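The values are calculated or read from the model by the stated rules, or taken from the named source; none is laboratory data. Computed from a predicted structure; not experimentally measured. Note that we place each Cβ from the backbone using ideal geometry, even for glycine, and neighbour counts take in every protein chain shown. Quick note on the areas: whole protein, heavy atoms, side chains included, nothing else; ligands and nucleic acids left out. Shrake-Rupley method; radii C 1.70, N 1.55, O 1.52, S 1.80 Å.
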Amino acid sequence: MTVTHTQLANAIRALSMDAVQEANSGHPGMPLGMADVATVLFTKYLKYNPQDPEWFDRDRFVLSAGHGSMLIYSLLHLTGYARPTMDEIKHFRQLGSPCAGHPENFLLPGVEATTGPLGQGLAMAVGMAIAERHLNARFGDELVDHRTWVIAGDGCLMEGINHEAIGLAGHLQLGRLITFWDDNAITIDGGTDLSTSEDIPARYAAAGWHVTSCDGHDPDAVRFAIEEALADPRPSLIACKTVIGFGAPNKQGTSATHGSPLGEDEVAAARKELGWDAAPFVIPPEIGEAWQEAGTRCGEAYEEWTARLEDHAENAEFKRRMAGDLPDGDAMRTYLESLAADPPKVATRKASEMALTAINKALPDTIGGSADLTGSNNTKTGATEPLTRDNYGGRYIYYGVREFGMAAAMNGMALHGGVIPYGGTFLIFSDYCRPAIRLSALQRVRAIYVMTHDSIGLGEDGPTHQPIEQLAGLRAMPNLDVYRPCDAIETAECWALSLKRKDGPSLLALTRQGLPPMRTDVDENRCAKGAYRLRAAENDRRVVLLATGSEVHLAAEIAEKLESKGVGADVVSMPCWERFEAQDDAYKADILGTGENVLRVSIEAGATFGWERYTGVDGLNFGIDRFGGSAPADKLFEYFGLTEAAITPQILSALKN
Ligand SMILES: Cc1ncc(C[n+]2csc(CCOP(=O)(O)OP(=O)(O)O)c2C)c(N)n1
Ligand SMILES: [Mg+2]
């Protein structure tokens, strides 16, 4: 008996509705509605090998509508990936199962990206498509020749990030990006006519996309649309007209199927409607075999590619890049020694550019960029030509004024592998990319954020542009290393640490204003410990000054004044809380003077929120707990009391009490 398309698609439907029913939680509507499209994609077009989910030249598939996670879990299981097992599917949404509520890239090979925050999957796919073209330009068709496929829902297309992402994709003509829109006209609240009257195909067309549509339940129509998309040089949107919850006779076509189990009765009715007799979690053998066979479709292509790689002149370099390892040697050594020999007084944003000049020359993996603040973020260096639709080999992306789109694309590039993305904007606009920074951290990807103009020190642009609570907010995010270096040497050290880190993002908060050099020693990367004693007290230590970035030199001035009055004060530079937290207790106690009768004082030109962690409730916290002001920087530091003259007397008086 030949297995039909419908039987293959119904296997997805059965697994999806059964798993949601068993969990008594989840989203059956989308997998039921998109089962036909996904079946065509995974049996006829997608390039993948379940035996080697990490195959570098595989197509990337991103389920942007992450709530439909059972769709991808079903597909991975049916096509022969080792995981999820049927048992893991039975434990959908339960502790310990890799079949989490939404797909997590770090739980299941074959899940390319963590999705669920609507719109970001598509925006990450744009980054994947950029990385593919870039590496294709570098290594050629023999090694890099794949596509990026996305399933997105109405919600993904409504989100603001969608606009940024498709604008960038259209501009760069990422023709290997194909998005299926699950055009079911339903979201949680009901019909999409409740909230939108937008002509989505027209919007995509206006952004430079190829747009077509099909009946999402007719496999021939889906194939036809895909062929059309493949033939078009532009990125493609395929509007797939579908019925949400397809096959559930009493609920299909309504938002009732979106995010709740269908219920025992409706599941039974759907089985009847679909002609699916098998018990829950049972796939009839001939259908299971047909799916497994579909999973072997690219076996030959895989073998050929593997052979090509083994014979390739650049085999070792290609493998290094795919593994995400840095080249041998210390790219920064000569540069660091030049800083030690002649310490410059520069803004740390400038110091970042100087470090990047050394990095980009030695490390071909970097792809830099900025959200239209290239000259302010100092992110472009001589070694990096623009990456454009005519030159994908370039290594600098003009992201335009699209902070969120940039950050999401960086995630996609990092997930794709083979490249190390960094991108810049003002620190204040980290808020505009925060949901993507969060996904960098959650997905454990190496994305490096270059965030300049990091305090009132930016001056005249005023409170809208002056970060206050941003550092505290970013430090609160798990798995994000936030750096605030105090001079050119620290900036270079923080860059080195960010590049070395393979399992998570880093963010560099950098000044607009010039800063004096604080260090001349470069033998050891002192920022690696997160905080270190920059100057030790000369008199008996009674004060420990904790500062970051532009306030470290202020702390040093204060220490000098205190010492002149016989009060010993340590100056601790604390560029990275997260790294400091990772040190052992003895180191932390030594730096903080724990258990000793010392006054701990924090100084940072931002919210004091959180510094009590290190100063204790009886310490002093100097910062800014209100919005900034519009004036030259030195006037603002004075106005907000962040000067030696304002702070030293307060410390002395606290010591008396
Ligand atoms: C950024 C974001 N906002 C809100 C949600 C909550 N949410 C999950 S699915 C959904 C509706 C999505 O509608 P659609 O994409 O059409 O999915 P369908 O109902 O067709 O499956 C919403 C609002 C989310 N996951 N992400
Ligand atoms: Mg919908």
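Being out of contact with any His (no Cβ under 7 Å at 6 or more places or on another chain), under 19 Å from ASP154 (Cβ atoms), away from ligand 1 (no atom under 12 Å from the Cβ) and open to solvent by less than 10 Å² (accessible area, probe 1.4 Å) is a property that does not hold for ILE226. Please specify each residue of region 604-620 satisfying the condition of being surrounded by fewer than 23 Cβ atoms within 10 Å (Cβ to Cβ) and among the aliphatic types (A, V, I, L, M). Scanning region 604-620 gives ALA607, VAL617, LEU620.
Out of all the residues in region 327-344, is one or more closer than 22 Å to ASP454 by Cβ, free of Cβ contacts under 8 Å to residues at least 60 places away in the same chain and not hydrophobic (A, V, I, L, M, F, W, C)? Among the residues of region 327-344, not one is closer than 22 Å to ASP454 by Cβ, free of Cβ contacts under 8 Å to residues at least 60 places away in the same chain and not hydrophobic (A, V, I, L, M, F, W, C), which makes the answer no.
If you filter region 139-160 down to residues that are outside any helix (DSSP H, G or I), surrounded by fewer than 19 Cβ atoms within 10 Å (Cβ to Cβ) and in contact (Cβ under 8 Å) with a residue 40 or more places away in the chain, you find that the one that is farthest from ligand 2 (Cβ to nearest atom) is GLU142.
Let's see how each residue does on (1) open to solvent by less than 10 Å² (accessible area, probe 1.4 Å); (2) under 29 Å from the mean Cα position of the chain (by Cα); (3) of a type outside the set (Ser, Thr, Tyr); (4) farther than 19 Å from THR357 by Cα:
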{"site": "ASP481", "(1), (2), (3), (4)": "no, yes, yes, yes"}
{"site": "ALA488", "(1), (2), (3), (4)": "yes, yes, yes, no"}
{"site": "ALA492", "(1), (2), (3), (4)": "yes, yes, yes, no"}
{"site": "ALA509", "(1), (2), (3), (4)": "yes, yes, yes, no"}
{"site": "ARG519", "(1), (2), (3), (4)": "yes, no, yes, yes"}
{"site": "LYS529", "(1), (2), (3), (4)": "no, yes, yes, yes"}
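Of all residues in region 246-261, those satisfying the criterion of being within 14 Å of ligand 1 (Cβ to nearest atom) and not polar (S, T, N, Q) are PHE246, ALA248, LYS251, GLY253, ALA256, HIS258, GLY259.
GLY514 passes every criterion in (1) farther than 26 Å from ARG444 by Cα; (2) in contact with a Lys or Arg (Cβ under 8 Å, 6 or more places away or on another chain); (3) open to solvent by less than 10 Å² (accessible area, probe 1.4 Å) apart from (3).
Before we move on, is ILE244 touching a residue at least 40 places away in the same chain (Cβ under 8 Å), within 16 Å of ligand 2 (Cβ to nearest atom) and either over 36 Å from the mean Cα position of the chain (by Cα) or crowded, with 18+ Cβ neighbours inside 10 Å (or both)? Answer is yes for this residue.
When the residues of region 185-201 are narrowed to those that are in a loop (DSSP other than H, G, I, E, B) and open to solvent by less than 80 Å² (accessible area, probe 1.4 Å), which ends up nearest to ligand 2 (Cβ to nearest atom)? Quick ask: steps written out before the conclusion?
In the first step, residues of region 185-201 are kept if they are in a loop (DSSP other than H, G, I, E, B); the result is 185, 188-189, 195-199.
When the remaining residues are screened for being open to solvent by less than 80 Å² (accessible area, probe 1.4 Å), the result is 185, 196.
Numbers: ALA185: 7, THR196: 11 Å.
Among them, the one singled out is ALA185.
Here ALA131 does not fit the description of being in contact with a Ser or Thr (Cβ under 6 Å, 6 or more places away or on another chain) and either within 14 Å of ARG60 (Cβ to Cβ) or assigned to a loop (DSSP other than H, G, I, E, B) (or both). Please indicate, with yes or no, whether at least one residue in region 162-184 is touching a residue at least 60 places away in the same chain (Cβ under 8 Å), touching a helix residue (DSSP H, G or I) at 6+ places or on another chain (Cβ under 7 Å), open to solvent by 10 Å² or more (accessible area, probe 1.4 Å) and within 13 Å of ligand 1 (Cβ to nearest atom). Yes, the conditions are met somewhere in region 162-184. Just one of the numbered conditions (1) open to solvent by 20 Å² or more (accessible area, probe 1.4 Å); (2) within 16 Å of ligand 1 (Cβ to nearest atom) is not true of ARG13: (1). Within region 623-657, being open to solvent by less than 40 Å² (accessible area, probe 1.4 Å), closer than 18 Å to ALA569 by Cβ and either without any contact (Cβ under 8 Å) to a residue 60 or more places away in the chain or in contact with a His (Cβ under 8 Å, 6 or more places away or on another chain) (or both) holds for ALA646, ALA654.
Looking at PHE609, PHE637, PHE627 in this structure, which one is under 28 Å from LYS656 (Cβ atoms), assigned to a loop (DSSP other than H, G, I, E, B) and under 35 Å from the mean Cα position of the chain (by Cα)?
On the way: PHE637 fails: assigned to a loop (DSSP other than H, G, I, E, B); PHE627 fails: under 28 Å from LYS656 (Cβ atoms).
Just a single option satisfies the conditions, and that option is PHE609.
Identify the residue in region 113-138 that is more than 17 Å from the chain's Cα centre (by Cα) and open to solvent by 10 Å² or more (accessible area, probe 1.4 Å) and, among all such residues, is farthest from ligand 2 (Cβ to nearest atom). Among them, the one singled out is ARG138.
Scanning region 295-315 for residues that are closer than 29 Å to LEU41 by Cβ, among the polar types (S, T, N, Q) and assigned to a helix (DSSP H, G or I) turns up just one, THR306.
Every residue, every condition in (1) surrounded by fewer than 16 Cβ atoms within 10 Å (Cβ to Cβ); (2) in contact with a helix residue (DSSP H, G or I) (Cβ under 9 Å, 6 or more places away or on another chain); (3) within 18 Å of ILE12 (Cβ to Cβ); (4) among the β-branched types (Val, Ile, Thr), yes or no:
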{"position": "HIS258", "(1), (2), (3), (4)": "no, yes, yes, no"}
{"position": "PRO261", "(1), (2), (3), (4)": "no, yes, yes, no"}
{"position": "VAL267", "(1), (2), (3), (4)": "no, yes, yes, yes"}
{"position": "ALA270", "(1), (2), (3), (4)": "no, yes, yes, no"}
{"position": "GLY275", "(1), (2), (3), (4)": "yes, yes, yes, no"}
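When region 151-202 is filtered for residues that are more than 27 Å from TYR398 (Cβ to Cβ), of a type in the set (A, V, I, L, M, F, W, C) and over 21 Å from the mean Cα position of the chain (by Cα), the ones remaining, listed by number, are PHE180, TRP181, ALA185, ILE186, ILE188, LEU194. Hey, any hits in region 60-79 for a residue that's surrounded by fewer than 24 Cβ atoms within 10 Å (Cβ to Cβ), charged (D, E, K, R) and either more than 19 Å from the chain's Cα centre (by Cα) or more than 16 Å from ligand 2 (Cβ to nearest atom) (or both)? No, region 60-79 contains no residue that is surrounded by fewer than 24 Cβ atoms within 10 Å (Cβ to Cβ), charged (D, E, K, R) and either more than 19 Å from the chain's Cα centre (by Cα) or more than 16 Å from ligand 2 (Cβ to nearest atom) (or both). When each of GLY29, GLY110 is tested for being buried (at least 21 other Cβ atoms within 10 Å of the Cβ) and either without any contact (Cβ under 8 Å) to a residue 40 or more places away in the chain or within 16 Å of ligand 2 (Cβ to nearest atom) (or both), the lone residue that passes is GLY29.
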